[in-house]
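Q: One structure, as structure tokens, below. Some questions next.
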Amino acid sequence: MSALSTVAGVEVFKKVVSSAYEYCSKGAGLKLKQWNTERQMETLYKRILAIRKVKTIWQLDKSVDLFSFYCDSHLIINDKRIRVKSSNDLELNENVLIQGIAGQGKSILLRYICAIELTRGEFIPIFIELSRIRSTFNLMDRIEKTFQSLGLAIDSQLFDALASSGKILLLLDAFDEIPDELKTQVLTDIEDLAARYDKLKIVVTSRPNHKIQVSNHFRVVKLDDLKKNEYKDVIIKLANKEIWAHDLIEHIEKRAVHVKSLLCTPLIVTLLVISYKSYKKLPGKLSDFYDSIFITLLQRHDGTKPSCIRPRSCDLDDNEYRLAFEAFCISAKKSGHESLQSNKIYKIAKEALDLCSFNAKPLSFIDDIVKITCLLVKDGEEYRFIHNTVREYYTASYVQKKPDSWANTFYTKISKSYREWHQELDFLSEIDSYRYNRYYKLPAILNLLNITEDALKTEKATKISLSTAIKLVDEFIINYDYILKVNVCGFSCAWTNKNEWHEELLSRISIYISTENMVDILPVIEKFPELVEPYNDENSMGVKKIISLSELIQKDDLPKVNDVLQAYCDNLFMLGKQVVDSLENAENPSFLDDLL
């Protein structure tokens, strides 16, 4: 969207000022005329443009026009997802509180609404950063200062006239950033304005779980996440038509299962773009991206807001916060709950701080993680991670830092509950690859193939046996279910006149035993294209579907079952050899001899 010319902007604003003038008393009207000169209007337009100039995490060195990177925001209003084009979409028959988590773009949305209203001529929009309120500078002081910056000296009489006219749109940004000791008073001031002026339109933004959300003067609407391909719009805007944007999108689409689902807020997309722009490529490992999130949010996000310095409640440095957060994540994982009640999260935080031997108060640590990083959010009396993969990566990071004996025990025990830890193990395969291969992956492969490590090194192939087939059925079905996100239903094995192998396989499918899952079925799909059909689901992202073994068995096609399992066995055997080779390369003693 292009900016209005100065002349056009002045003319539009003249109309709304004239409309407000009609509602004003004689005294207030004369004061309002101060605005209605060409010189004042040009000054006003320059002030308006300043609202559109912002510093972002994307470009800290200078202010940029928000229209150069803004992408449409969506609100959930009356259970419907609404694209916000102007204040009309907010349904301002009552005052509105827009709630959103860190990085969703609350402040940018409010500035966008302000800029758009200046081009529509329906309201005089007044944008106020609540974080600038201090004990000696209350809400009305902030309102008066804002009007003064627009070239109008305002007093109580003039404000009363304007607020009563129905032509003022008060946009109050970031209630959550008001100092804690002032929140109650500012909320009282806001509610007083809402009660006194029924025609005054007020829109407030805030992160969740602040007192204003229970005010009966506001209807709460939620800022929605990016959906489906909306992340592409953010990337294209940030790239400013540079070719690399399309390369990045193509790369993301190829890694869609791992990356795309995370790109739910403009901040997360921006962090990914920053990483891509810095290294001229998407991080080769997803873990590289996650590794930077904590420190980026701890330091950089609020660095774009000079007036907002979030004080830390704990006397911990950045590295100690990171270590404590990792311990917190694995303790949360151990609890077995996706969302955490207030009493449980205290115990988890205390355990994490004790694990690190840090002298900090659990509640203060929780408060810092919620308010500063927003990787943990509070929803009523419950807490949850902004995205489960955040907890999963930092859990893996905790494991990666533990001693070898601890890791050996961890990997050995976790092999019995792979499905509960599959994402953590995926991260560990990147950040702790040697121990992951030595203590987890290789033992699991040897167990499935029922051979020794020496046999794996010397044999060229292994013919499938009944015991191996039974294990591979478990593995294949679990793998099929996990990768393609579909349910494989077991069925009764009460059939008669079936051979021993058939009965065993039926029993295994019906029991649906969960075993280790680390072998990709795609090579098998490529070998048996006749078994493949499209998987029609909007979230499948192009993944194809292979007919399940249960279908083949149901059709009494055991030769085909045997062929599929043998191909799977061969693939597993080759993978085992690759793991052994990688371990031998890592353990090469000759380099150590040369080094020492």
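The values are calculated or read from the model by the stated rules, or taken from the named source; none is laboratory data. Remember, predicted model here, so these are calculated numbers, not experimental data. Cβ atoms come from the backbone with ideal geometry, glycine included; neighbour counts cover every protein chain shown.
Q: Give the residue that is surrounded by the most Cβ atoms within 10 Å (Cβ to Cβ), with candidates limited to residues of the stretch 570-585 that are closer than 17 Å to P523 by Cβ and modelled with pLDDT of 85 or more. Full working, then the answer.
A: Of the stretch 570-585, the ones closer than 17 Å to P523 by Cβ are 570-579.
Still in the list and also modelled with pLDDT of 85 or more: 570, 573-579.
Values: D570: 17, F573: 19, M574: 12, L575: 17, G576: 24, K577: 14, Q578: 12, V579: 21.
Per the stated criteria, the residue is G576.
Q: Output the residue which, of all residues in the stretch 142-176 that are of a type in the set (V, I, T) and closer than 20 Å to L92 by Cβ, is modelled with the lowest pLDDT. It would help to see each step written out before you state the result.
A: Here is the first cut: in the stretch 142-176, the ones of a type in the set (V, I, T) are 143, 146, 154, 168.
Subsequent filtering for residues that are closer than 20 Å to L92 by Cβ retains 143, 146, 168.
Working: I143: 86, T146: 83, I168: 86.
That would be T146.
Q: On to the next question. Any residue in the stretch 260-274 that is of a type in the set (K, R) sitting within a Cβ distance under 9 Å of a residue that is modelled with pLDDT under 80? List the pairs, counting only those 6 or more apart or interchain.
A: K260/M541
Q: Of all strands (runs of 3 or more DSSP E) completely enclosed by the stretch 65-119, which ones contain at least 2 residues that are touching a Phe, Trp or Tyr at 6+ places or on another chain (Cβ under 8 Å)? It would help to see each step written out before you state the result.
A: Values: elements: 74-77, 80-83, 96-99.
Passing ranges, in order: 96-99.
Q: Right, here's the next one. Across the stretch 211-236, what is the total count of residues that are buried (at least 17 other Cβ atoms within 10 Å of the Cβ) and free of Cβ contacts under 8 Å to residues at least 60 places away in the same chain?
A: 5
Q: Could you tell me whether any residue of the stretch 113-122 is within 15 Å of S206 (Cβ to Cβ) and either in the same structural domain as Q299 (by TED's automatic domain parsing) or in contact (Cβ under 8 Å) with a residue 60 or more places away in the chain (or both)? Step through it out loud before you land on a result.
A: Of the residues in the stretch 113-122, the ones within 15 Å of S206 (Cβ to Cβ) are none.
Within the stretch 113-122, none of the residues are within 15 Å of S206 (Cβ to Cβ) and either in the same structural domain as Q299 (by TED's automatic domain parsing) or in contact (Cβ under 8 Å) with a residue 60 or more places away in the chain (or both).
Q: In the list A444, A396, which residue meets the criterion of being assigned to a helix (DSSP H, G or I) and under 27 Å from the mean Cα position of the chain (by Cα)? Before you say what the answer is, go through the steps one by one.
A: On the way: A444 fails: under 27 Å from the mean Cα position of the chain (by Cα).
When all the criteria are applied, what remains is A396.
Q: Given the residues T412, T373, T395, which is the only one that is touching a Cys at 6+ places or on another chain (Cβ under 9 Å) and not assigned by TED's automatic domain parsing to the domain that holds E177?
A: Working: T412 fails: touching a Cys at 6+ places or on another chain (Cβ under 9 Å); T373 fails: touching a Cys at 6+ places or on another chain (Cβ under 9 Å).
Answer to the selection: T395.
Q: Still on this structure, please answer the following. Output yes when any residue across the stretch 326-343 is within 24 Å of W421 (Cα to Cα), surrounded by 16 or more Cβ atoms within 10 Å (Cβ to Cβ), assigned by TED's automatic domain parsing to the domain that holds H387 and modelled with pLDDT under 90, and no when none is. Step through it out loud before you land on a result.
A: Taking the stretch 326-343 as the starting set, the residues that turn out to be within 24 Å of W421 (Cα to Cα) are 326-341.
This time we only want the ones that are surrounded by 16 or more Cβ atoms within 10 Å (Cβ to Cβ), so: 326-333, 340.
Still in the running and assigned by TED's automatic domain parsing to the domain that holds H387: 326-333, 340.
Those left that are additionally modelled with pLDDT under 90: 340.
Taking every residue of the stretch 326-343 in turn, at least one turns out to be within 24 Å of W421 (Cα to Cα), surrounded by 16 or more Cβ atoms within 10 Å (Cβ to Cβ), assigned by TED's automatic domain parsing to the domain that holds H387 and modelled with pLDDT under 90.
Q: Hey, another quick one. When you look at K201, is it farther than 22 Å from S135 by Cα and buried (at least 20 other Cβ atoms within 10 Å of the Cβ), yes or no? Even if it seems obvious, please write down each step before you answer.
A: Details: farther than 22 Å from S135 by Cα: yes; buried (at least 20 other Cβ atoms within 10 Å of the Cβ): yes.
Yes: the conditions hold for K201.
Q: Shifting gears a bit: Just name the residue that is surrounded by the most Cβ atoms within 10 Å (Cβ to Cβ) out of those in the stretch 411-441 that are assigned to a helix (DSSP H, G or I) and among the acidic types (D, E).
A: Start the filter on the stretch 411-441 by keeping residues that are assigned to a helix (DSSP H, G or I), which leaves 411-431, 433-441.
Narrowing the set further to residues that are among the acidic types (D, E) leaves 420, 424, 426, 430.
Numbers: E420: 13, E424: 23, D426: 18, E430: 19.
Per the stated criteria, the residue is E424.
Q: Taking the conditions exactly as written (in the same structural domain as K106 (by TED's automatic domain parsing) and touching a strand residue (DSSP E or B) at 6+ places or on another chain (Cβ under 6 Å)), does D141 satisfy them or not? So that I can check it myself, show each step before the final result.
A: On the way: in the same structural domain as K106 (by TED's automatic domain parsing): yes; touching a strand residue (DSSP E or B) at 6+ places or on another chain (Cβ under 6 Å): no.
When the stated conditions are applied, D141 does not pass them.
Q: Taking into account only those residues within the stretch 131-163 that are part of a loop (DSSP other than H, G, I, E, B) and under 35 Å from the mean Cα position of the chain (by Cα), which is nearest to E191 (Cα to Cα)?
A: Of the residues in the stretch 131-163, the ones part of a loop (DSSP other than H, G, I, E, B) are 133, 135-136, 138, 150-155.
Narrowing further to those that are under 35 Å from the mean Cα position of the chain (by Cα): 133, 135, 138.
On the way: I133: 16, S135: 18, N138: 14 Å.
Among residues in the stretch 131-163 that are part of a loop (DSSP other than H, G, I, E, B) and under 35 Å from the mean Cα position of the chain (by Cα), the one nearest to E191 (Cα to Cα) is N138.
Q: Among the residues of the stretch 554-561, is any of a type in the set (V, I, T), buried (at least 18 other Cβ atoms within 10 Å of the Cβ), in a helix (DSSP H, G or I) and modelled with pLDDT of 75 or more?
A: Of the residues in the stretch 554-561, the ones of a type in the set (V, I, T) are 561.
Next, from what is left, pick out any that are buried (at least 18 other Cβ atoms within 10 Å of the Cβ): 561.
Add one more test, that the residue is in a helix (DSSP H, G or I), and what stays is 561.
With modelled with pLDDT of 75 or more added as a condition, the list becomes 561.
Within the stretch 554-561, one or more residues are of a type in the set (V, I, T), buried (at least 18 other Cβ atoms within 10 Å of the Cβ), in a helix (DSSP H, G or I) and modelled with pLDDT of 75 or more.
For (1) modelled with pLDDT of 85 or more; (2) surrounded by 19 or more Cβ atoms within 10 Å (Cβ to Cβ); (3) assigned by TED's automatic domain parsing to the domain that holds N209; (4) of a type outside the set (S, T, N, Q), each residue gets a yes or a no:
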{"position": "Y23", "(1), (2), (3), (4)": "no, no, yes, yes"}
{"position": "E38", "(1), (2), (3), (4)": "no, no, yes, yes"}
{"position": "L60", "(1), (2), (3), (4)": "no, no, yes, yes"}
{"position": "F67", "(1), (2), (3), (4)": "yes, no, yes, yes"}
{"position": "K80", "(1), (2), (3), (4)": "yes, no, yes, yes"}
{"position": "R83", "(1), (2), (3), (4)": "yes, no, yes, yes"}
{"position": "S86", "(1), (2), (3), (4)": "yes, no, yes, no"}
{"position": "D89", "(1), (2), (3), (4)": "yes, no, yes, yes"}
{"position": "L97", "(1), (2), (3), (4)": "yes, yes, yes, yes"}
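Q: Please go through the stretch 150-165 and pick out each residue that is surrounded by fewer than 17 Cβ atoms within 10 Å (Cβ to Cβ) and under 20 Å from K201 (Cβ atoms).
A: S156, D160
Q: Follow-up. Checking N359 against (1) in a helix (DSSP H, G or I); (2) at pLDDT 75 or above, which single condition isn't satisfied?
A: So N359 meets the others, but not (1).
Q: Kindly indicate whether any position in the stretch 133-143 is in contact (Cβ under 8 Å) with a residue 12 or more places away in the chain and touching a Ser or Thr at 6+ places or on another chain (Cβ under 8 Å). Even if it seems obvious, please write down each step before you answer.
A: Step one: of the stretch 133-143, the residues in contact (Cβ under 8 Å) with a residue 12 or more places away in the chain are 133-135, 138-140, 142-143.
Next, from what is left, pick out any that are touching a Ser or Thr at 6+ places or on another chain (Cβ under 8 Å): none.
No, every residue in the stretch 133-143 fails to be in contact (Cβ under 8 Å) with a residue 12 or more places away in the chain and touching a Ser or Thr at 6+ places or on another chain (Cβ under 8 Å).
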